[in-house]
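Novice: Questions regarding the structure given below will be posed in turn.
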Amino acid sequence: MHEAQVRMKVHRADERIGAIEIQGELTGFAENVLMDSYAEASAGNPSAILLDFTQLEYMNSSGIGLLVKLLIRARRKDQKLLAVGLSEHYRNIFELTRLDEAIHIYGTQDEAIASLGGA
Amino acid sequence: MREIEEDRARELPVRQIPLFTALSEDELQDLNSKLEQIELPAGTMLFREGDLGDRMYIVLEGEVEIVKAIDTSDELPLAVRGKGELVGDMSLLSRTRERAASARIVQLTKLLMIPHSELDAIIRHHQEVAYDLARMLSARLQESDSATIKHLQVKNQQLTQAYNDLKAAQAQVIEKERLEQELQVARDIQRSMLPKELPSIPGWQISTFYQPARAVGGDFYGFVNLPDGRLGIVVGDVSGKGIPAALVMATTLSVLRGISRDFPHSLSAVLERANEILSADIPPGTFVTCFCAVLDPNRRHLIFANAGNCLPLRWLSGTVMELRATGMPLGLMPDATYGVQETFLSPGEGLLFYSDGIIEAHDANRKMFGTSRLSSLVTANSGSGAEELISSLLSELHSYTGPGWEQEDDIMMVVLQENTIGTVDKTSSVEAERAEPEPASSILAHFSISSQPGNERLAIEQVVDAVRYLNLPSIKIERLRTAVGEAVMNAMEHGNKYRANLPVDIQVRATPAELAVRITDRGEPSAIPTPTMPELEAQLAGLEEARGWGLVLIENMVDEVRKERTDTGYTVELVMYRNEDSDHG
């Protein structure tokens, strides 16, 4: 009934950054979609993965768990995870769980790209 | 030679007249000397039909028009007489000497007048003149006859046309009367199908208004008392008019009533079945819009579904919203489906069901009343009772449309108002203050969901719906969603082990000071896990499972979490304070 009410689009934000747009609900049901999108975004070994939460409708604790799993994979590849488009509520949640220390939050995609500094 | 003849002709115009060829030169001269010449301008009436005539004329120059029945609707031009022709000779034959027709000068004309007495004298001496005269007159008569016959033929055609037109007009009148009768019958059918009396439900006010338009009909409303004590409410509108529309309305109401007994617990099944039946039975192109609701008056629980009707309004102390459900009108698509929505009504809340007749009423400039005007009026009158609201809306409608407004569509309103805390009692302002309820806690909603993954979303939506009148800032609503979602998931997972047959009970309660959501599962004592605080770094390092964030969220999203173990299960109560000071960081 509530399986995978989520869509994710992968594109290249920059030569060093793979981006994943998360649309809909990030819950436990989104695991496969998220991991597949991550694999796609990681093709060509970008140094960072940008998570775009602009069209996120809902995220629960299982969704947070997924982000943690994602972080674990990214760290193995020495990849940074960046986030844009979080609403005030979900920013609060990132701060609460200290996820924001591992996944840096930016206001815009440009800011996120700029944070990587020189190539 | 010719010139001389012309001269002579000029001198003696009488010479030119065929009638006088038998006269001798002397006689002609004699005649000529007795005859007077006159000259008349165009438009002069030489003589009128019916006048007594004692002379005839010869046209020397110009033209004279001979007209029968001049200046009447039967006016008939007979001839135009020119140079050398006689005018006014017919009266010679008439015993009464009456002019048989009128003579009018067409252009400047010179005439020679010949008194009858002179003609008589000529005829006495030259009888052949009498015969010539007779022949000439006979020719005149024929000429007159032909013209008359033609004239009569034309008249006949005109009469036939007029007769046909009259018959057609008559047929129209008959048809109009027949339609009028049919409309009256249709109105009677419709009236008979409407409830004769309103249901009486303790704690609720119900009021209705119904005013059909003259020619259009089709609005209807009905109530069904369900065996379990709930009340079914239906309002709708049949397209089309006259007897067919009235019959469709009757059919719809009886279909809905009958089906609701078979499917009292499934509103969508009722509408789907009604749609199947109507799609098959009603004339093509006819359809029925309809909004159905079932109210549990004790729990203040309402379920509803819509088949293309206007969205009813709900209000409480100055806030107005819609009851939103969508679906195709009945009778259009045989396999249409209808989603059912549910909500809890707050104490004192009111509902207005209506049809588009009021929305589409227009003022003198053809501007429509519109839904926003209706909403504003409901807001402004939200302190009134059901009947007062209806009269306010009606008087606003009447001032909007102005005098002489012709009602084009039925006007229909059904109002339900929850009345247990007496907020609508307006006996006097002082009494009203005293009657103001103590900070009673109001139960805004009380429902259960089965323990299946994903159902926490339903719970979230119902809780958010239940608090709609509390005017919580949106950031608090977001926190509430998260807290409720996590707490319900915990209840389903840890308490009920995701066993679908075990429900999670949720109760939403408000006092002026706080909002409380109680979430109860059927968990056994041993089922409560001892929660450990998750740590991100530990999880990232693989030292912990990447889970357990629910409790962190819950405890940080609300102001207080109260836990309670009862005989039947385990309850978590999420509390959010309602005053500004409790700004939760």
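Novice: Quick one: which strands (runs of 3 or more DSSP E) sit completely within region B:30-111 and have at least 3 residues that are open to solvent by 40 Å² or more (accessible area, probe 1.4 Å)? Quick ask: steps written out before the conclusion?
Specialist: Details: elements: B:36-40, B:45-47, B:55-68, B:76-81.
Strands (runs of 3 or more DSSP E) meeting the threshold: B:36-40, B:55-68.
Novice: What do you reckon, is B:Ala274 touching a Cys at 6+ places or on another chain (Cβ under 7 Å), farther than 23 Å from B:Phe447 by Cβ and buried (at least 22 other Cβ atoms within 10 Å of the Cβ)? Can you show your working first?
Specialist: Numbers: touching a Cys at 6+ places or on another chain (Cβ under 7 Å): no; farther than 23 Å from B:Phe447 by Cβ: yes; buried (at least 22 other Cβ atoms within 10 Å of the Cβ): yes.
Spelling it out, it is not the case that B:Ala274 is touching a Cys at 6+ places or on another chain (Cβ under 7 Å), farther than 23 Å from B:Phe447 by Cβ and buried (at least 22 other Cβ atoms within 10 Å of the Cβ).
Novice: Output the residues belonging to region A:50-93 that are at the interface with chain B (Cβ under 10 Å from one of its Cβ atoms) and assigned to a loop (DSSP other than H, G, I, E, B).
Specialist: A:Asn60, A:Ser87
Novice: Which residues, counting only those in region B:364-404, are farther than 14 Å from B:Val415 by Cα, part of a loop (DSSP other than H, G, I, E, B) and either among the hydrophobic types (A, V, I, L, M, F, W, C) or open to solvent by less than 30 Å² (accessible area, probe 1.4 Å) (or both)?
Specialist: B:Ala364, B:Phe369, B:Gly370, B:Gly402
Novice: Can you confirm whether B:Ser317 is farther than 24 Å from B:Phe447 by Cα, more than 29 Å from the chain's Cα centre (by Cα) and surrounded by fewer than 19 Cβ atoms within 10 Å (Cβ to Cβ)?
Specialist: Details: farther than 24 Å from B:Phe447 by Cα: yes; more than 29 Å from the chain's Cα centre (by Cα): yes; surrounded by fewer than 19 Cβ atoms within 10 Å (Cβ to Cβ): yes.
It is true that B:Ser317 is farther than 24 Å from B:Phe447 by Cα, more than 29 Å from the chain's Cα centre (by Cα) and surrounded by fewer than 19 Cβ atoms within 10 Å (Cβ to Cβ).
Novice: Still on this model: Out of B:Ala361, B:Ala293, I need the residue that is within 23 Å of B:Phe223 (Cβ to Cβ) and either aromatic (Phe, Trp, Tyr) or surrounded by 18 or more Cβ atoms within 10 Å (Cβ to Cβ) (or both). Which one? I'd like the intermediate steps shown before the answer.
Specialist: Working: B:Ala361 fails: within 23 Å of B:Phe223 (Cβ to Cβ).
Only one candidate passes the filter, namely B:Ala293.
Novice: Okay, next question. Would you please name the residue that is least open to solvent (accessible area, probe 1.4 Å), looking only at residues in region A:1-36 that are more than 13 Å from every other protein chain (Cβ to nearest Cβ) and over 18 Å from A:Leu81 (Cα atoms)?
Specialist: Out of the qualifying residues, it is A:Asn32.
Novice: Out of (1) touching a strand residue (DSSP E or B) at 6+ places or on another chain (Cβ under 8 Å); (2) loosely packed, with under 15 Cβ neighbours inside 10 Å; (3) assigned to a helix (DSSP H, G or I), the odd one out for A:Ala39 is which?
Specialist: Of (1) touching a strand residue (DSSP E or B) at 6+ places or on another chain (Cβ under 8 Å); (2) loosely packed, with under 15 Cβ neighbours inside 10 Å; (3) assigned to a helix (DSSP H, G or I), only one is false for A:Ala39: (1).
Novice: Residue pairs, Cβ under 6 Å, 6 or more apart or interchain, first in region B:531-554 and facing chain A (nearest Cβ under 7 Å), second modelled with pLDDT of 80 or more and open to solvent by 70 Å² or more (accessible area, probe 1.4 Å). List them.
Specialist: Hits for this filter: B:Leu536/A:Arg98; B:Ala546/A:Lys69.
Novice: Something else: Would you confirm whether any residue within region B:237-260 is under 26 Å from B:Pro347 (Cα atoms) and buried (at least 17 other Cβ atoms within 10 Å of the Cβ)? Before you say what the answer is, go through the steps one by one.
Specialist: Initial filter on region B:237-260 (under 26 Å from B:Pro347 (Cα atoms)): none.
Within region B:237-260, none of the residues are under 26 Å from B:Pro347 (Cα atoms) and buried (at least 17 other Cβ atoms within 10 Å of the Cβ).
Novice: Next question, about the same structure. Among the residues of region B:385-422, count how many are closer than 19 Å to B:Ser375 by Cβ and either aromatic (Phe, Trp, Tyr) or in contact with a Cys (Cβ under 6 Å, 6 or more places away or on another chain) (or both).
Specialist: 1
Novice: Can we say B:Phe344 is open to solvent by less than 10 Å² (accessible area, probe 1.4 Å) and closer than 16 Å to B:Ser392 by Cα? Can you show your working first?
Specialist: Working: open to solvent by less than 10 Å² (accessible area, probe 1.4 Å): yes; closer than 16 Å to B:Ser392 by Cα: no.
Against the criterion (open to solvent by less than 10 Å² (accessible area, probe 1.4 Å) and closer than 16 Å to B:Ser392 by Cα), B:Phe344 does not qualify.
Novice: Same structure, new question: Which residues, counting only those in region B:555-564, are more than 14 Å from chain A (Cβ to nearest Cβ) and in contact with a helix residue (DSSP H, G or I) (Cβ under 7 Å, 6 or more places away or on another chain)?
Specialist: Step one: of region B:555-564, the residues more than 14 Å from chain A (Cβ to nearest Cβ) are B:559-564.
Correct list: B:Asp559, B:Val561.
The values are calculated or read from the model by the stated rules, or taken from the named source; none is laboratory data. The shown structure was predicted, so the numbers you read here are calculated from the model rather than taken from an experiment. Counting neighbours? That spans all protein chains shown, and the Cβs are built from the backbone with ideal geometry, glycine included. Note: accessible area is taken over every heavy atom of the protein model, side chains too, but ligands, DNA and RNA are not part of it. Shrake-Rupley method; radii C 1.70, N 1.55, O 1.52, S 1.80 Å.
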